[in-house]
Amino acid sequence: MRLLCRANVVGCLNVVDVCHEASQDGRVTPIHCTVIGSGCIFTYDDAHPMHSDKLFTEDDRGNFTGSFYAKTKGMLEEMLRSYPNVCVLRFRMPLSDDLHERSLLTKLLHYPKVINIPNSITVLHDLLPAVVLLAKQRNVGVFNFTNPGVVSHNELLDLYIQYIDKSYVYTNFGAADEAALCQSRSNVALDSSKLQAALGSNLVIPHITASLYALFRRMAQH
């Protein structure tokens, strides 16, 4: 846990603080700093129920404490809000065009069972260019860094079967096990409208449904 705090909190704050203090060394403005945050500091609650249009925005504070990782990310984000030179991007379950071991799809393929709950996710093909654009524009503050819309693990794996491996079979948790598992896992729908407003016509982030069809078509060609 100590190492996690050093990496996720102390180390990041040191870098951000050095960038901010550079303004006192002859610079007019602080060095702009982009921090890769996490949307896994949230989970569905009574005010933001599953299958509703009540999405978590950038004004909301993290409500998920089911993991130490989420606690560190939530604490870090709260402290970063006090810096005027920081852009915090809330990534969520990143999904790449390949089967990289850290990609959401690869993780799901290796799980013996999966939950069937809608979630916001970050398709890297769509959103990585936005990191550069926001930095060039010197945007600051917190941004939900996900595609619009939500997708369940079942829907994602069904597309994998359709486009990549028709022999693949997955199994869902039973209702009781799924409910228990959700106590220790973040499941959430994030509002990404602030991000799109900041990007404007420079980059349009596709809805997650359209994005996933495009992703699997790209995967099928390689």
For a quick check of your reading of the model, give me the residue pairs whose first member lies in the stretch 10-30 and is more than 21 Å from Met75 (Cα to Cα) and surrounded by 12 or more Cβ atoms within 10 Å (Cβ to Cβ), whose second is of a type in the set (Ser, Thr, Tyr) and modelled with pLDDT of 90 or more, with beta-carbon atoms closer than 9 Å and at least 6 apart or on different chains. Pro30/Tyr83
Can you tell me which of Asn187, Asn154 is in contact (Cβ under 8 Å) with a residue 12 or more places away in the chain and not in a helix (DSSP H, G or I)? Asn187
Name the one entry in Asp60, Asp25 that is at pLDDT 95 or above and not aliphatic (A, V, I, L, M). Asp60
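Hey, among the residues in the stretch 96-137 that are among the β-branched types (Val, Ile, Thr) and in a loop (DSSP other than H, G, I, E, B), which one's farthest from Phe42 (Cα to Cα)?
The selected residue is Ile115.
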Find the residue count for the stretch 156-204, including only residues that are closer than 15 Å to Val114 by Cα, under 18 Å from the mean Cα position of the chain (by Cα) and surrounded by 14 or more Cβ atoms within 10 Å (Cβ to Cβ). 5
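Have a look at Ala130, Ala47 and point out the one that is touching a Leu at 6+ places or on another chain (Cβ under 9 Å), at pLDDT 95 or above and among the small types (Gly, Ala, Ser).
Details: Ala47 fails: touching a Leu at 6+ places or on another chain (Cβ under 9 Å).
Going through Ala130, Ala47 in turn, the sole match is Ala130.
Considering only helices (runs of 4 or more DSSP H) fully contained in the stretch 1-82, which possess at least 3 residues that are within 25 Å of Val132 (Cβ to Cβ) and among the β-branched types (Val, Ile, Thr)? Step through it out loud before you land on a result.
Details: elements: 2-5, 11-21, 68-80.
Hits in the stretch 1-82: 11-21.
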Is it true that some residue in the stretch 50-64 is touching a strand residue (DSSP E or B) at 6+ places or on another chain (Cβ under 9 Å), of a type in the set (Ser, Thr, Tyr) and either on the phi < 0 side of the Ramachandran plot or free of Cβ contacts under 8 Å to residues at least 12 places away in the same chain (or both)? yes
Here is a list: Ile31, Ile36. Which entry is modelled with pLDDT under 95 and among the β-branched types (Val, Ile, Thr)? Ile31
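Rundown of residues vs (1) over 18 Å from His207 (Cβ atoms); (2) surrounded by 14 or more Cβ atoms within 10 Å (Cβ to Cβ); (3) in contact with a Gly (Cβ under 9 Å, 6 or more places away or on another chain), yes/no style:
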residue: Ser82; (1), (2), (3): yes, no, no
residue: Val88; (1), (2), (3): yes, yes, yes
residue: Arg102; (1), (2), (3): yes, no, no
residue: Thr122; (1), (2), (3): no, yes, yes
residue: Asp126; (1), (2), (3): no, yes, no
residue: Val131; (1), (2), (3): yes, yes, no
residue: Leu134; (1), (2), (3): yes, yes, no
Exactly one of Phe173, Phe91, Phe143 is touching a strand residue (DSSP E or B) at 6+ places or on another chain (Cβ under 9 Å) and modelled with pLDDT under 95, and that residue is Phe173
Note on Thr146: of the conditions (1) part of a helix (DSSP H, G or I); (2) within 28 Å of Asp45 (Cβ to Cβ); (3) of a type outside the set (Gly, Ala, Ser); (4) touching a Leu at 6+ places or on another chain (Cβ under 9 Å), unmet is (1)
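The values are calculated or read from the model by the stated rules, or taken from the named source; none is laboratory data. Treat the numbers as computed from the prediction; the structure is a model and nothing was measured. When we count neighbours, we look across all protein chains shown, and the Cβ atoms used for this are built from the backbone with ideal geometry, even at glycine.
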